[in-house]
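Each value in this text was obtained by applying a stated rule to the coordinates, not by laboratory testing. Here the structure is a predicted model, which means the values were calculated and not measured. Virtual Cβ from ideal backbone geometry, glycine too; neighbours counted across all protein chains shown.
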Amino acid sequence: MAAWSADELEAAFRRYWQTGAVGEDWSGWADLFTEDVEYVEHFLGAMRGRETIRAWIVPLMARYGELYTAYEWHTIDVARGRVVFTMQNRRDHPDGQSAIDFSGISMIDYAGGGLWRRQEDYWAAPAAERCFKLYQDARKAIDPDHDKKRTRKDWGLGPSWCQGPPLGPGSILITS
């Protein structure tokens with residue numbers, strides 16, 4: 001018998017997604033992990049502990065504020081208490097017409113009480129490097145301050161609970 005229901009796992013995952021990917025409250029997102037969480041980030045390395053995660057994610061996402069997450073799909077493994085999901089790590093192109101994406105897949109293991117005990121991330125590192133260069137080149141050519149605008153033009157085709165506003169906190173809407 002599974003320790004948690006599919007409904008509990010779904011609710012915890014939605015809270016996880018809405019706090020981090022949609023709400024971009026990265027300190028609050030870190031609070032959704034157990035104090036002794038194991039976090040394996042295959043490109044950046046392994047980390048342990050909620051405060052270690054917070055000390056990593058908050059400045060990282062502040063530095064790359066133009067980057068946001070477009071949901072693709074998730075599945076729940078009730079027997080393991082695991083959610084597996086994929087996303088596009090997205091930057092809006094400074095041309096205003098397209099997005100610059102690289103894909104990722106993550107697995108999170110539930111601990112109960114709305115907290116996660118383990119996360120493992122995989123993402124396309126060579127694609128991320130190409131996308132970063134493409135974005136930097138486009139900023140240089142089109143709009144050097146684009147990264148400060150925190151545009152969020154395309155949250156993907158997922159359900160409404162994974163859609164954020166078109167513009168993030170501190171955004172400036174430029175019309176002309």
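Side notes on the structure shown:
- Rg to Rh, two decimals, where the range 6-157 supplies the alpha carbon set and Rh follows Kirkwood: 0.98
- Net charge of the neighbourhood of G65, taken over other residues with C-beta under 15 Å away and scored Lys/Arg +1, Asp/Glu -1, is +2.
- Estimated at 0.36 nm per residue, the fully extended path between H42 and E129 surpasses their Cα-Cα distance by 29.8 nm.
- Sorted on the mean count of surrounding Cβ atoms within 10 Å across their residues, most packed first, peptides 114-122, 155-163 read 114-122, 155-163.
- Counted residue by residue at 0.36 nm each, then reduced by the alpha carbon distance between them, the extension gain from E35 to Q136 reaches 32.7 nm.
- Look at where the Cα atoms of the range 24-53 and of the range 60-81 average out, and the two centres are 13 Å apart.
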